[in-house]
1. Take the residues of the range 1-54 that are in contact with a Leu (Cβ under 7 Å, 6 or more places away or on another chain) and among the polar types (S, T, N, Q): which is modelled with the highest pLDDT?
2. Take residue 43 and decide whether it is touching a Pro at 6+ places or on another chain (Cβ under 7 Å) and part of a helix (DSSP H, G or I).
3. Quickly run through the range 44-78 and pick out the residues that are of a type in the set (S, T, N, Q) and touching a residue at least 24 places away in the same chain (Cβ under 8 Å).
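The values are calculated or read from the model by the stated rules, or taken from the named source; none is laboratory data. Treat the numbers as computed from the prediction; the structure is a model and nothing was measured. Backbone-built Cβ (ideal geometry, glycine too); neighbour counts: all protein chains shown.
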Amino acid sequence: MTTVHVAASGPGAQFLAPNQIVPMLIGATVGEVERELVLQTLARCDGNRTRASRVLGLSVRTLRNKIKLYAASGIDVPAYQD
């Protein structure tokens, strides 16, 4: 399994252009890329599932189901930040 952490949130975070990201994704499965995108989006949205689902173009139910699968697999899912 390939883990790609594209951008960290917070002060001093550097964001990469798509042409810098794609080479890092080569060798990863679509499921791994999707999971990373979901987790990164949740982190950027401070764990707000409604906002993250809008950004990702998913229903809140679909996002919730993905989060359940990730959590059941032992993956840390960003929690909601007040």
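1. So, considering only residues that are in contact with a Leu (Cβ under 7 Å, 6 or more places away or on another chain) and among the polar types (S, T, N, Q), the one modelled with the highest pLDDT is 53.
2. Numbers: touching a Pro at 6+ places or on another chain (Cβ under 7 Å): yes; part of a helix (DSSP H, G or I): yes.
Yes; evaluated as a whole, the condition is true for this residue.
3. We begin by selecting, within the range 44-78, every residue of a type in the set (S, T, N, Q); these are 48, 50, 53, 59, 62, 65, 73.
Residue satisfying the conditions is 48 alone.
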